[in-house]
Amino acid sequence: MDFNLSHSRGRIVLLVGRNRLFGIDVEETGRVRKSIDIADRFFSRKEAQALSALPDDAKPLRFIEYWTLKEAYIKARGMGLRLPLDQFSFELESSDGEISISFGPRITDRPSRWWFALDPPAPQPRSKAQKMPRHQLAWAIERDENGGVPRIVQHDASQLFLPSKDKEHSE
């Protein structure tokens with residue numbers, strides 16, 4: 001049994017599985033600043049151009065979608081930033097609604113090996129700004145030998161947490 005964990009202000013996500021590689025990332029969206037500068041410096045040319053082509057009010061959400069997908073993928077591969085972020089690209093507006101990945105020459109991997117998802121999902125098509133969610137979550141999951149994707153089960157465990165120390169405890 002393996003697990004992958006990510007957290008950001010106010011949200012913790014845990015992905016548990018076996019017999020495949022997987023990664024998960026969550027980011028608080030309110031922290032997005034200077035996204036175009038970061039994209040131009042670290043994202044693939046294709047992603048940076050796609051981001052630049054969007055209306056200004058749509059750029060922060062698309063940036064955080066790319067960022068969480070990239071984090072989830074490098075966590076799934078277990079190689080961290082040894083996988084250069086500019087050597088793989090995500091396509092979020094495909095005709096079939098699937099998120100796809102492509103690789104530059106410095107990464108040996110197969111796009112068909114992976115399944116990706118965002119929560120909340122990327123709106124199709126991205127023609128204008130969407131309301132920014134508080135958190136963006138991304139999964140990267142290795143497909144099985146037949147190309148299948150495992151069933152994903154989500155649970156809200158917020159009731160399991162202790163109350164914060166500034167709230168009174170009543171019995």
Condition first: on the phi > 0 side of the Ramachandran plot and out of contact with any Leu (no Cβ under 7 Å at 6 or more places or on another chain). Can you find one or more residues in segment 24-45 that meet it?
yes
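Could you tell me whether LEU137 is open to solvent by less than 30 Å² (accessible area, probe 1.4 Å), at pLDDT 90 or above and out of contact with any helix residue (DSSP H, G or I) (no Cβ under 6 Å at 6 or more places or on another chain)?
yes
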Scanning segment 83-115 residue by residue, the ones that are surrounded by 17 or more Cβ atoms within 10 Å (Cβ to Cβ) and either assigned to a loop (DSSP other than H, G, I, E, B) or β-branched (Val, Ile, Thr) (or both) total 4
Tell me which residues, restricted to segment 57-72, are more than 16 Å from ALA140 (Cβ to Cβ), free of Cβ contacts under 8 Å to residues at least 60 places away in the same chain and surrounded by 21 or more Cβ atoms within 10 Å (Cβ to Cβ).
PHE63
Counting only residues in segment 1-27 that are of a type in the set (A, V, I, L, M) and at pLDDT 90 or above, the one farthest from GLU91 (Cα to Cα) is identified as LEU21
If you take the residues in segment 28-56 that are modelled with pLDDT under 90 and closer than 21 Å to PHE116 by Cα, which one is surrounded by the most Cβ atoms within 10 Å (Cβ to Cβ)?
ALA39
Does ILE12 satisfy the condition of being among the aliphatic types (A, V, I, L, M), open to solvent by 70 Å² or more (accessible area, probe 1.4 Å) and either in contact (Cβ under 8 Å) with a residue 60 or more places away in the chain or under 24 Å from ARG134 (Cβ atoms) (or both)?
yes
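The values are calculated or read from the model by the stated rules, or taken from the named source; none is laboratory data. None of the values given here were measured: they were computed from a predicted structure. A quick note on method: Cβ atoms are made from the backbone with ideal geometry, for glycine too, and the neighbour counts reach across all protein chains shown. Side chains included, ligands, DNA and RNA excluded: accessible areas come from the protein's heavy atoms. Shrake-Rupley method; radii C 1.70, N 1.55, O 1.52, S 1.80 Å.
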